[in-house]
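Reviewing the structure listed below.
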Amino acid sequence: MISQKQSNPDTHYSPYIWLGIFAHPDDETSASAGTMIKWVNLGNKAYVITGTGGELGSLGSDDLVISREELPTIRESELHRNLKMYGCYPPFMLRYKDQELIKENTGHLADKILSIMQYVNPDIVVTFGPSGISGHTDHIAIHKATLFAFRAYSRHSEEGTNLALLYPSIRADLANLYSLELSPEEMRMDIVIDIGPTIDKKITALRNYESQQDAQEFADRLSNLKTNENRKGNQEETFSVSEYTYGKWENIPVIQYLKNL
Ligand SMILES: [Zn+2]
């Protein structure tokens, strides 16, 4: 059966559906906020799955000091607030604790992710690549479980031929600058999204993650980028297409649509 999505990639009467699958509140924003906002602004839908409450994150930034006990509740409310600002749906929380994901059976974690995939029917799935960018064990566990789930989902999905799995990617020179040990596929620039029009919202969202010092530092870096004329070209989010995407990805309608976002 040819679905409306496949037959009308340009006019796409049915909205395309994005599903980001990450470990902690704020991962989704660092990786893809600028792209999700553009996506939703064009009438598409976006969902996020978040693995943990980020219990082991920093306890505030600047003058804000919060307790370890209240941290997950605060981080979850920061996530809700930001997704609402983007026009995304409220997050699916898997309710693990920070650094627990690696201890979970991969198949069990994958089953939870798969049931959400079957519920939202994504066209684009975005998750960490093999290194998890930072090497965090929760990120790597989410990557592995999402691969399992994606393979099962694409085998049984009518949309298998218009379905893609993406990893956030980082240019090799920047990976070097920040001493990130990435896999080669996490340095591929298969899809480059200009986030010039949405970078202000991304910076606001990072600032909204007041509990997290890292998010504040990333907001500072993006703000500096914005004011430096020579680096305007770097206002982008980049992704590589996973080898688990079925078929020749350049020809997949939803990828062509995303590239023109
Ligand atoms: Zn994280």
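For Gly87, are the conditions met, namely being within 26 Å of Arg207 (Cα to Cα), surrounded by fewer than 20 Cβ atoms within 10 Å (Cβ to Cβ), more than 14 Å from the ligand (Cβ to nearest atom) and within 18 Å of the chain's Cα centre (by Cα)? So Gly87 passes the test.
Report whether or not Thr146 is closer than 16 Å to Leu19 by Cα, hydroxyl-bearing (Ser, Thr, Tyr) and out of contact with any Cys (no Cβ under 7 Å at 6 or more places or on another chain). Considered against the rule, which asks whether it is closer than 16 Å to Leu19 by Cα, hydroxyl-bearing (Ser, Thr, Tyr) and out of contact with any Cys (no Cβ under 7 Å at 6 or more places or on another chain), Thr146 comes out as yes. The set of residues in the stretch 14-55 that are near the ligand (Cβ under 10 Å from one of its atoms) and over 26 Å from Leu261 (Cβ atoms) comprises Gly51, Thr52, Gly54.
Note on the stretch 113-133: residues that are within 16 Å of the ligand (Cβ to nearest atom) and on the phi > 0 side of the Ramachandran plot amount to 2. Annotation note: Cβ proximity below 7 Å between a residue of the stretch 131-154 that is closer than 14 Å to Thr245 by Cβ and assigned to a helix (DSSP H, G or I) and a residue that is aromatic (Phe, Trp, Tyr) and more than 12 Å from the ligand (Cβ to nearest atom) (sequence gap 6+ or interchain) occurs for Leu147/Tyr244; Phe150/Tyr244; Arg151/Tyr244; Ser154/Tyr246.
For (1) buried (at least 24 other Cβ atoms within 10 Å of the Cβ); (2) touching an Asp or Glu at 6+ places or on another chain (Cβ under 8 Å), each residue gets a yes or a no:
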site	(1), (2)
Ser14	no, no
Leu19	yes, no
Thr52	yes, yes
Ser58	no, yes
Asp63	no, no
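No other residue among Ala164, Ala152 is surrounded by 15 or more Cβ atoms within 10 Å (Cβ to Cβ), among the aliphatic types (A, V, I, L, M), more than 14 Å from the ligand (Cβ to nearest atom) and closer than 22 Å to Gly43 by Cβ apart from Ala164. Apart from one condition, Arg68 fits all of (1) without any contact (Cβ under 8 Å) to a residue 24 or more places away in the chain; (2) touching a His at 6+ places or on another chain (Cβ under 6 Å); the exception is (2).
Kindly indicate the residue of the stretch 237-261 that is in contact with a Gly (Cβ under 8 Å, 6 or more places away or on another chain) and outside any strand (DSSP E or B) and also surrounded by the fewest Cβ atoms within 10 Å (Cβ to Cβ) among those meeting that condition. This residue is Tyr246. For residues in the stretch 134-143 being modelled with pLDDT of 95 or more and either at positive phi or among the β-branched types (Val, Ile, Thr) (or both), which is nearest to the ligand (Cβ to nearest atom)? Here the answer is Ile142. Could you check, for the stretch 59-72, whether at least one of its residues is assigned to a helix (DSSP H, G or I), modelled with pLDDT of 95 or more and more than 14 Å from the chain's Cα centre (by Cα)? No, there is no match, as no residue in the stretch 59-72 is assigned to a helix (DSSP H, G or I), modelled with pLDDT of 95 or more and more than 14 Å from the chain's Cα centre (by Cα). Residues of the stretch 172-179 include none that is surrounded by 13 or more Cβ atoms within 10 Å (Cβ to Cβ), under 20 Å from the mean Cα position of the chain (by Cα) and either outside any helix (DSSP H, G or I) or among the basic types (Lys, Arg) (or both). In summary, His80 fulfils each of the numbered conditions (1) in a loop (DSSP other than H, G, I, E, B); (2) more than 16 Å from the ligand (Cβ to nearest atom) with the single exception of condition (1).
The values are calculated or read from the model by the stated rules, or taken from the named source; none is laboratory data. Keep in mind it's a predicted model, so treat the numbers as computed, not measured. Here the Cβ is made from the backbone with ideal geometry for all residues, glycine too, and neighbour counts use every protein chain on show.
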